[in-house]
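This report refers to the structure that appears directly beneath it.
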Amino acid sequence: MAEQPTFFTRETPQPLAARLRPQTLDQIVGQKKLLGEGKILRRIVEQDAVSSMIFWGPPGVGKTTLANVIAKQTRSKFIDFSAVTSGIKEIREVMREADANRAYGTRTIVFVDEIHRFNKAQQDAFLPFVEKGSIILIGATTENPSFEVNGALLSRCKVFVLEALTEDEIVELLTRALKSPQGFGSQRVQITEDLLRSIAVFSNGDARSALSTLEMAVLNSEPDANGAITVERDTIEQCVSRKSLLYDKSGEEHYNLISALHKSMRNSDADASVYWLARMLEAGEDPLYVARRIVRFASEDVGMTDPRALQLAVSVYQACHYIGMPECTVHLTEAVVYMALAPKSNSLYVAYGEARKDALEQLSEPVPLHIRNAVTNLMRDVGYGKGYRYAHDFDEKLTDMRCLPDSLLGREYYHPTSEGFEKNYGDRYRQIKEWKESRQRVQESASEVARRDEDRGSDAVAQTKEKHQ
């Protein structure tokens, strides 16, 4: 018996994100690498050749939407299945339904959201039905499927990686929401592009989050006497629980904050470094941007004083890529504290700058023949590689062979400091220099002796000739 409406019953409108859910591939914003013209996933869907697959990507990038579109465009029955609320009993009931559909010639797409939440037994329950073709399984996960999905099931699925939407793609989506009849197209909503970009920055590539923020901002903005709604910055800040932290990632404040972070780490101020990191992340900055700057800092300002700094920075970048915000905040905090407390040296930065200046001024300087690679007989005949000495053939694993062009002999670019591990590298650098210089002095002395002997021999021959004459 159907439930009868009461006086208190009121229909709840769908959220903006649900109302704007795309119905075709062309309506999906983003994922051009997979869904652009001629791309693999688009061809699979258009040719109705869909097989079991897993969509891996951060929240709000369209995993569920894409599964729904595939079901519509491939004429399949679509069953939405939640890994959070379903167990093996529910799986078997769905599989029986799929077998029945197959008997009538209807394919069934079973979409499993958050498939990584299923345990091994639950995942194994799908396996026989995937193998015999009773269902096409489409799983969605924010976790690496290599670790979270059983190997047997994973081997029968094609994995597609969905990327977070770019700032421009989020702005495109928000603009569409303002114009669409399913969105706010029937209302007169005014909002600047700067504020749309602020929402896009805050959403961090999550379309659902961006649409929810826009919807909240519009609903909390008072219409004027003519019914027009103007969304102000204060409203946006209240909707995202931020007070004037929002900023344009291409604007001045963006560069001010990253400069503050970089200079605080350089000045070994761990507390200030963590503060400026928090300012950036809470303003919606891309954590991967911050991580890339830390990778640069590891070599530019720490360098050889602690080579492990670069290893840590790269590991933190990978962690940010794998798990995203807000979980990766602790990894970035670890990185900035490490960089702040590490001994400092800009010797690598200075070395490249000095070498770059010489390189630009002497681009035509030829490579010395003895360190050229003789890959043909002709090259060997004209002297390529002649006189080259292979360091591993010598006990010291060193030779005094000169590798700089003649015009730059003796030029030094790397000036090691005495900080941290760089003191050890500096000692080694100076030992090598001294060893090579002593060998070159010995060789020069030997050459000078040989030259004098040759000169004396020539004089003796000349004197003998004079006597016979």
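Got at least one residue in region 280-300 being modelled with pLDDT under 95 and polar (S, T, N, Q)? The answer is no, given that none of the residues of region 280-300 is modelled with pLDDT under 95 and polar (S, T, N, Q).
Considering only region 411-423, I want to know if a residue exists there that is without any contact (Cβ under 8 Å) to a residue 24 or more places away in the chain, acidic (Asp, Glu) and assigned to a helix (DSSP H, G or I). No, that holds for no residue.
State all residues of region 112-142 that are free of Cβ contacts under 8 Å to residues at least 40 places away in the same chain and closer than 14 Å to Thr64 by Cβ; if no residue qualifies, say none. Answer for region 112-142, where residues must be free of Cβ contacts under 8 Å to residues at least 40 places away in the same chain and closer than 14 Å to Thr64 by Cβ: Val112, Glu114.
Is one or more of the residues making up region 371-379 at pLDDT 85 or above, under 39 Å from the mean Cα position of the chain (by Cα) and not in a helix (DSSP H, G or I)? Yes; the residues of region 371-379 include at least one that is at pLDDT 85 or above, under 39 Å from the mean Cα position of the chain (by Cα) and not in a helix (DSSP H, G or I).
The one condition from (1) in a loop (DSSP other than H, G, I, E, B); (2) out of contact with any Asp or Glu (no Cβ under 8 Å at 6 or more places or on another chain); (3) closer than 30 Å to Glu167 by Cβ that Gly105 does not meet is (3).
Checking every residue in region 432-452 against the condition of being surrounded by 15 or more Cβ atoms within 10 Å (Cβ to Cβ) and either in contact with a Gly (Cβ under 9 Å, 6 or more places away or on another chain) or among the hydroxyl-bearing types (Ser, Thr, Tyr) (or both) gives zero matches.
Residues in region 325-337 that are open to solvent by 70 Å² or more (accessible area, probe 1.4 Å) and not β-branched (Val, Ile, Thr): Pro326, Glu327, Glu334. Restricted to region 407-460, and to residues there that are modelled with pLDDT under 85 and hydrophobic (A, V, I, L, M, F, W, C), the residue that is nearest to the chain's Cα centre (by Cα) is Val442. Residue selection: Ala340 satisfies the criterion of being under 27 Å from the mean Cα position of the chain (by Cα) and open to solvent by less than 40 Å² (accessible area, probe 1.4 Å).
For region 74-86, does any single residue satisfy the condition of being part of a helix (DSSP H, G or I) and open to solvent by 30 Å² or more (accessible area, probe 1.4 Å)? The answer is no; no qualifying residue exists.
From the list Tyr352, Tyr322, the one residue that fits, being modelled with pLDDT under 90, within 26 Å of Ile258 (Cα to Cα), hydroxyl-bearing (Ser, Thr, Tyr) and open to solvent by 70 Å² or more (accessible area, probe 1.4 Å), is Tyr322.
Given the condition within 26 Å of Gln123 (Cα to Cα), assigned to a helix (DSSP H, G or I) and open to solvent by less than 50 Å² (accessible area, probe 1.4 Å), answer yes or no: does some residue in region 44-60 qualify? Yes, there is a match, as at least one residue in region 44-60 is within 26 Å of Gln123 (Cα to Cα), assigned to a helix (DSSP H, G or I) and open to solvent by less than 50 Å² (accessible area, probe 1.4 Å). Screening region 113-127 for residues that are in a helix (DSSP H, G or I) and closer than 18 Å to Lys158 by Cα and picking the one that is most open to solvent (accessible area, probe 1.4 Å) gives Asp124. Residues considered: Val69, Val130, Val110. Of these, the only one that is part of a helix (DSSP H, G or I), under 27 Å from Glu163 (Cα atoms) and open to solvent by less than 10 Å² (accessible area, probe 1.4 Å) is Val69. Can you tell me which residues in region 249-273 are modelled with pLDDT of 90 or more, in a helix (DSSP H, G or I) and open to solvent by 50 Å² or more (accessible area, probe 1.4 Å)? Listed by number, the residues that qualify are Lys263, Arg266, Asp271.
Residues considered: Val350, Val330. Of these, the only one that is in contact (Cβ under 8 Å) with a residue 40 or more places away in the chain and not small (Gly, Ala, Ser) is Val350.
Looking at region 136-233, the helices (runs of 4 or more DSSP H) lying wholly inside it that each contain 3 or more residues that are open to solvent by 30 Å² or more (accessible area, probe 1.4 Å) and within 17 Å of His116 (Cα to Cα) sit at 145-148, 151-154. I'd like the full set of residues that are over 20 Å from Asn346 (Cβ atoms) and touching a helix residue (DSSP H, G or I) at 6+ places or on another chain (Cβ under 6 Å), limited to region 254-273. The answer is Leu257, and nothing else.
The values are calculated or read from the model by the stated rules, or taken from the named source; none is laboratory data. This structure is a prediction, so every number in the text was calculated from the model and none was measured. As a convention, Cβ positions derive from the backbone with ideal geometry for all residues, glycine included, and neighbour counts pool all protein chains shown. Please note that ligands, DNA and RNA were not included when accessible areas were found on the heavy atoms of the full protein model with its side chains. Shrake-Rupley method; radii C 1.70, N 1.55, O 1.52, S 1.80 Å.
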